[in-house]
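One structure below.
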Amino acid sequence: MTADPASSRRRSGLGGCPLPTPDPAMPDRDRILRKIESLFLTRQPLSYGAWREDYAGDAELAPVIGSLIWSFEADGLPCSAMLTDGGFRGLQDRDIEAPAREAAVVLWHPVTVSAEEVLAWRHRLQALGISQPFRQAHRESYALTEADHRTGSYSKRFAAHILDQQRFAALCRQRGWAYDLQGVAGGFNVPTLALEAWELAAEFWIAPLATEGSAASAALPHLTTDQVCFRDLAGERLPLASVPEVVFSEVLRDVDLFVTGASVCNESP
């Protein structure tokens, strides 16, 4: 794709695909994990009081909360800790005083800290025998590369892959991206993730691959990938450097999943 798909942006605007919320039909554990994992992309942090009552104090959520790492300020300094029966404990296995009720509490993300802290938490979890319910300490994280800085407003690190369109569409639905299958007859649209809390949207540009004899009414079997970019509410491109680092990392994590999970290179012979 070389042209900016303006018409498709109108189809995939921010109002069309809100950040996914847990489906009531999901199995209970999946619903619980989706609710907590969605905190990675929440712009407004929870107050400690709300976190304690609505998450740590919830009978369904509490078992999961205790196996995750949380970030907040203690004694005026940023820290990360896990909730235990006796309170918060940090990396050095020391007690950490609970924050003030109005203090912000966020779900710790590896892209926001040093590699040394990430490794230390991995060792700490292993020593405690804790298996986290979803990837956090071992979560794939993506920071801006030199190539991203050069291109400025888009990343091409996942470009030039050939994907199975049906599998790609299924993964988009799973991760809350808006995307409709495309065929020879048209229906062009850009896979889009609306991030309403941040007043922006992420796009993953793709192009369907038509082959000789493809039926006009059928979805094409394959597509090729291009760039990832971000837009504001007005549809204007944003410099990648202005995108919050957790948002950028989580979006590229989804795109990596799409490419890995739908690549024709991973098809059985």
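Regarding the range 163-182, can at least one residue be identified that is modelled with pLDDT under 95, among the aliphatic types (A, V, I, L, M) and at negative phi?
Yes, the range 163-182 contains at least one residue that is modelled with pLDDT under 95, among the aliphatic types (A, V, I, L, M) and at negative phi.
State whether the residues of the range 178-191 include one that is charged (D, E, K, R) and surrounded by 15 or more Cβ atoms within 10 Å (Cβ to Cβ).
So far as the range 178-191 goes, no, none of its residues is charged (D, E, K, R) and surrounded by 15 or more Cβ atoms within 10 Å (Cβ to Cβ).
Pick out the one residue from Thr145, Thr151 that is at pLDDT 95 or above, β-branched (Val, Ile, Thr) and in contact with a Lys or Arg (Cβ under 9 Å, 6 or more places away or on another chain).
Matching residue, one of Thr145, Thr151: Thr145.
Restricting to the range 222-269, what's the tally of residues that are assigned to a loop (DSSP other than H, G, I, E, B), closer than 24 Å to Ser38 by Cα and among the hydroxyl-bearing types (Ser, Thr, Tyr)?
Matching residues across the range 222-269 total 0.
Filter the range 152-177 down to residues that are aliphatic (A, V, I, L, M) and surrounded by fewer than 18 Cβ atoms within 10 Å (Cβ to Cβ) and give me whichever is nearest to Ser249 (Cα to Cα).
Of everything passing the filter in the range 152-177, Ala159 is nearest to Ser249 (Cα to Cα).
Please go through the range 122-149 and give me each residue that is among the charged types (D, E, K, R), closer than 22 Å to Ile65 by Cβ and assigned to a helix (DSSP H, G or I), ordered by number.
Within the range 122-149, Arg122, Arg124 meet the criteria.
Just checking, does the range 90-112 include any residue being acidic (Asp, Glu) and crowded, with 16+ Cβ neighbours inside 10 Å?
The answer is no; no qualifying residue exists.
Being part of a helix (DSSP H, G or I), at pLDDT 95 or above and either surrounded by 15 or more Cβ atoms within 10 Å (Cβ to Cβ) or within 16 Å of the chain's Cα centre (by Cα) (or both) is the requirement here; does Glu203 meet it?
It is false that Glu203 is part of a helix (DSSP H, G or I), at pLDDT 95 or above and either surrounded by 15 or more Cβ atoms within 10 Å (Cβ to Cβ) or within 16 Å of the chain's Cα centre (by Cα) (or both).
Pairs, please: C-beta under 8 Å, at least 6 apart or cross-chain, first residue assigned by TED's automatic domain parsing to the domain that holds Leu163 and closer than 9 Å to Ala159 by Cβ and in the range 217-228, second at pLDDT below 95 and not in a strand (DSSP E or B)?
Asp226/Met1; Gln227/Met1
The values are calculated or read from the model by the stated rules, or taken from the named source; none is laboratory data. Since we're looking at a predicted model, the values are computed, not measured. Don't worry about glycine lacking a Cβ; one is built from the backbone with ideal geometry, like all the others, and counts go over all protein chains shown.
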